[in-house]
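Written out below as structure tokens is the structure these notes cover.
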Amino acid sequence: AFLPRINMMLPIVTYPDKRLKLISKPVTAFNEELHTFLDDMYETMIKTNGIGLAAIQVDRPIQVLIINLPNDDEEGLQDKANLLEIINPELTYSEGTTSYQEGCLSVPKFYEDVERFEKIAITYQDRHGNACSLEADELLSIAVQHEMDHLQGRLFIEKLSYSRRKKFEKEYKKLLKEKKR
């Protein structure tokens with residue numbers, strides 16, 4: 001009998017690991033291996049309470065990101081029907097600015113206000129290589145921009161002002177020390 005594969009939890013690469021600085025390469029093979037990887041990314045994101053995850057965060061420098069925003073209801077559950085699998089994304093439009101308190105699975109326990117475009121549009125491919133487009137505002141716009149930054153080797157903390165960045169470095173070093181105890 002054929003047993004369905006159980007999705008695997010992938011280890012998350014955390015700051016200040018240099019691998020997070022790599023520029024991700026475009027995906028050219030839309031095959032079973034990619035589908036398995038996407039499923040594992042989803043499993044990892046859900047188990048770590050994330051709303052988005054870029055492939056580079058699980059040590060694969062390829063242009064793949066997933067986003068699954070919580071529902072608007074009280075529970076804020078993540079409905080898999082709303083899962084976005086975004087491959088080889090390109091920003092085609094941006095408008096306005098907004099600020100949102102962001103966090104990142106690769107920079108655990110740290111949240112800071114980051115300025116981003118308010119509205120964006122992107123083109124991308126789905127897991128089968130089909131061309132897609134997406135217009136986003138509010139949290140979805142922010143999440144897409146945050147994950148697309150990862151594909152360029154950039155973290156949200158790089159968007160902080162000099163003084164806030166220095167404050168982050170100090171707090172984060174303290175946090176890492178406490179973790180090692």
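The values are calculated or read from the model by the stated rules, or taken from the named source; none is laboratory data. Remember, it's a predicted structure, so these values are computed and weren't measured experimentally. When we count neighbours, we look across all protein chains shown, and the Cβ atoms used for this are built from the backbone with ideal geometry, even at glycine. Protein only, heavy atoms only, side chains kept; ligands, DNA and RNA dropped before computing areas. Shrake-Rupley method; radii C 1.70, N 1.55, O 1.52, S 1.80 Å.
A few points about this structure:
- Residue match in the range 49-58 (condition: without any contact (Cβ under 8 Å) to a residue 12 or more places away in the chain, open to solvent by 50 Å² or more (accessible area, probe 1.4 Å), part of a loop (DSSP other than H, G, I, E, B) and not hydroxyl-bearing (Ser, Thr, Tyr)): yes
- Qualifying residue in the range 106-124 (condition: among the hydroxyl-bearing types (Ser, Thr, Tyr) and either assigned to a helix (DSSP H, G or I) or at pLDDT below 95 (or both)): yes
- Filter result (within 21 Å of ASN71 (Cα to Cα), open to solvent by 10 Å² or more (accessible area, probe 1.4 Å) and hydroxyl-bearing (Ser, Thr, Tyr)) within the range 23-48: TYR42, THR48
- Any hit, the range 72-84, residues being out of contact with any helix residue (DSSP H, G or I) (no Cβ under 7 Å at 6 or more places or on another chain), touching a residue at least 24 places away in the same chain (Cβ under 8 Å) and closer than 15 Å to ALA136 by Cβ: yes
- When residues of the range 148-166 are limited to those that are out of contact with any Asp or Glu (no Cβ under 9 Å at 6 or more places or on another chain) and free of Cβ contacts under 8 Å to residues at least 40 places away in the same chain, the one most open to solvent (accessible area, probe 1.4 Å): TYR162
Quick grid of which residues meet (1) touching a His at 6+ places or on another chain (Cβ under 6 Å); (2) farther than 30 Å from LYS177 by Cβ; (3) open to solvent by less than 70 Å² (accessible area, probe 1.4 Å); (4) aromatic (Phe, Trp, Tyr):
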site	(1), (2), (3), (4)
ARG60	no, no, no, no
ILE66	no, yes, yes, no
LYS80	no, yes, no, no
ILE86	no, yes, yes, no
PRO89	no, yes, yes, no
CYS104	no, no, yes, no
ILE120	no, yes, yes, no
THR123	no, yes, yes, no
